[in-house]
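The values are calculated or read from the model by the stated rules, or taken from the named source; none is laboratory data. Just so it is clear, the model here is predicted, and its values are computed rather than measured. Glycine also receives a Cβ, built like all others from the backbone with ideal geometry; neighbour counts cover every protein chain displayed.
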Amino acid sequence: EKVSLPIGRRSWITPFVLGWQYAKQLEIVDVMAFWSFIIAMTFIGMEYFGIALQRISLGALIIALGLLVDDAMITIESTVFRLERGDDKTQAAIFAYASTALPRLTGTLVTIAAFVPVGFARSDAGEYTFSLFAVVAIALLASWVVSGICAPVAGIALLRPPKHPHGETLSAPMRLFK
């Protein structure tokens with residue numbers, strides 16, 4: 001149940017932001033590929049740093065689930081934006097990576113910094129909560145890596161340029177915000 005909430009939220013919001021054409025292409029990649037890579041990298045990092053799979057680390061993984069594919073979605077959305085402006089797939093993916101890498105890293109590090117007081121608390125609880133900080137940090141850094149490597153490649157492989165470039169035309173939901 002706790003895992004289905006972030007997946008469901010992303011599945012319902014994506015079509016409204018990107019439109020149905022891109023949403024149906026990306027949902028499969030988003031849920032199956034990006035999450036699978038990120039969680040696999042998180043478990044590898046936990047094993048490397050000697051973090052046991054227990055209640056606190058599982059809780060940290062659940063906390064991180066809602067944030068895991070945000071970086072990848074930012075990269076894909078940027079690719080879609082450039083495809084709609086008439087770029088070819090390779091140019092759009094390069095632009096998406098180059099223009100979002102530093103902001104995504106900054107956001108990732110700021111989010112990790114929010115867990116520093118929990119992770120380095122000098123108390124009896126701090127002995128147990130370090131794994132909360134460590135697992136969130138590993139998962140978010142894995143998300144940044146996957147979004148920088150896999151998302152542009154997936155964009156090149158799976159996204160199709162629109163039949164008619166949109167230029168500055170906004171979708172119906174976006175027109176509501178203007």
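Some notes on this structure:
- Count of residues meeting criterion [more than 19 Å from the chain's Cα centre (by Cα), β-branched (Val, Ile, Thr) and buried (at least 21 other Cβ atoms within 10 Å of the Cβ)] in segment 36-94: 0
- In this entry, residue 152 is excluded by the filter for residues that are surrounded by fewer than 17 Cβ atoms within 10 Å (Cβ to Cβ), in a helix (DSSP H, G or I) and not polar (S, T, N, Q).
- Restricting segment 121-140 to residues that are polar (S, T, N, Q) and under 23 Å from residue 66 (Cβ atoms) leaves a set whose member that is surrounded by the fewest Cβ atoms within 10 Å (Cβ to Cβ) is 129.
- Of residues in segment 100-120 being more than 26 Å from residue 78 (Cα to Cα) and surrounded by 15 or more Cβ atoms within 10 Å (Cβ to Cβ), the one modelled with the highest pLDDT: 115
- Members of segment 83-106 found to be in a helix (DSSP H, G or I) and either touching a Pro at 6+ places or on another chain (Cβ under 8 Å) or over 15 Å from residue 151 (Cβ atoms) (or both), listed by number: 83, 84, 89, 91, 93, 94, 96, 97, 102, 106
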